[in-house]
2 protein chains.
Amino acid sequence: MTIQPYAQHNCACFNIRRAARHVTQAYDHALKPVGLQATQFSLLAMIDGVSSEKGIALTELAARLGMDRTTLTRNLAVAERAKWIVTRSGKDRRERLIKLTLSGRRKLNKARPLWKLAQEQVVKKLSVSSLSDLLALTHRLSAD
Amino acid sequence: MTIQPYAQHNCACFNIRRAARHVTQAYDHALKPVGLQATQFSLLAMIDGVSSEKGIALTELAARLGMDRTTLTRNLAVAERAKWIVTRSGKDRRERLIKLTLSGRRKLNKARPLWKLAQEQVVKKLSVSSLSDLLALTHRLSAD
DNA sequence: GCACTATACGTGTATACACACATATATGTA
DNA sequence: TACATATATGTGTGTATACACGTATAGTGC
């Protein structure tokens, strides 16, 4: 079969963006009872997973999240206003080191079971092995 | 294998959002020479594909795009400012009928070969059959 | 015709995203 | 040490996203 002229149903960008919208809504709704949105949940979870005692620098965190540094700055502002994180400068005074607060960790742990429910919804749509395929594909798309 | 506790690398939402960011950037960069971003390109392409002579109503277009109606309102404002589309009310005066302008259609057609280059980049990362898998998976995630 | 309901749409608000540009600090080199 | 360069970060701007709420018009049953 030859390559078709443009059609929406073939466009990787349109399709992945549309799916991201729908999946995000599912996770947002699932997390609603604890007052977290999907992005903030991922942010807190990543900080929890990777930051050492002294915290993690913004650029390093952005790389881990596969997110533009300036986008992360704005997302961190939301988390900081909500007092889920604190930031301070390190020995290198250019660096901004980020850590969860106790309140942030509690919020995260409250959210985990709700995350699981949303994730199970996805599995219900895709099956475990298809989810596995999806993760492999999205991972490859997120690599350099 | 039992279900793991939360980890970023397992989260469908995190992974699909991250991939969407990266894929979007690739298409945005590819489309840059014609002054279109990925979302606006998809928008114009959908209007071109589905609208009849009299145009397509906003809610109907939103459903085709798998996008919230109010999001579409804002996205249309961008396209309207740029004079890529026009809108008018129909017999039912609640309805807002949307059509491409000549300028919008020209912009779209200029963009098509650049879209193809971006799409080929994705194929280079995933292979044709994997792209096919991705489209099938994202399609299932975008269904009710 | 009138009240009720359903449908189509917009606006206020908040978050998410990233490019272009600017600033502050550190590091390397003459 | 002084200057050039590299690194870490923030800000201005514009687009994308969607929920809560409100308005205008159409349809329905009496």
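Can you tell me which residues in segment B:52-65 are crowded, with 18+ Cβ neighbours inside 10 Å and within 13 Å of chain A (Cβ to nearest Cβ)? Residues satisfying the conditions are B:L61, B:A62, B:L65. I'm trying to understand the selection: among the residues of segment A:11-38, which are closer than 15 Å to A:L131 by Cα and in contact (Cβ under 8 Å) with a residue 60 or more places away in the chain? Answer for segment A:11-38, where residues must be closer than 15 Å to A:L131 by Cα and in contact (Cβ under 8 Å) with a residue 60 or more places away in the chain: A:I16, A:V23.
Within segment A:120-129, restricting attention to residues that are free of Cβ contacts under 8 Å to residues at least 40 places away in the same chain and of a type outside the set (D, E, K, R), the residue that is farthest from A:V23 (Cα to Cα) is A:S129. Against the test of being farther than 23 Å from B:I16 by Cβ, in contact (Cβ under 8 Å) with a residue 12 or more places away in the chain and not small (G, A, S), the options A:L61, A:L44, A:L72, A:L100 yield a single qualifying residue, A:L100. Residues being within 14 Å of another protein chain (Cβ to nearest Cβ) and over 22 Å from A:D144 (Cα atoms) are entirely absent from segment A:84-102. In segment B:130-144, of all residues being more than 7 Å from every other protein chain (Cβ to nearest Cβ) and under 21 Å from A:Y27 (Cβ atoms), the one that is modelled with the highest pLDDT corresponds to B:A143. Exactly one residue out of B:D48, B:D28 is touching a strand residue (DSSP E or B) at 6+ places or on another chain (Cβ under 6 Å) and within 13 Å of chain A (Cβ to nearest Cβ): that is B:D48.
The values are calculated or read from the model by the stated rules, or taken from the named source; none is laboratory data. Computed from a prediction, not measured in an experiment: that's the story for all the values here. Quick reminder, even Gly has a Cβ in these numbers, built from the backbone with ideal geometry, and neighbours come from all protein chains shown.
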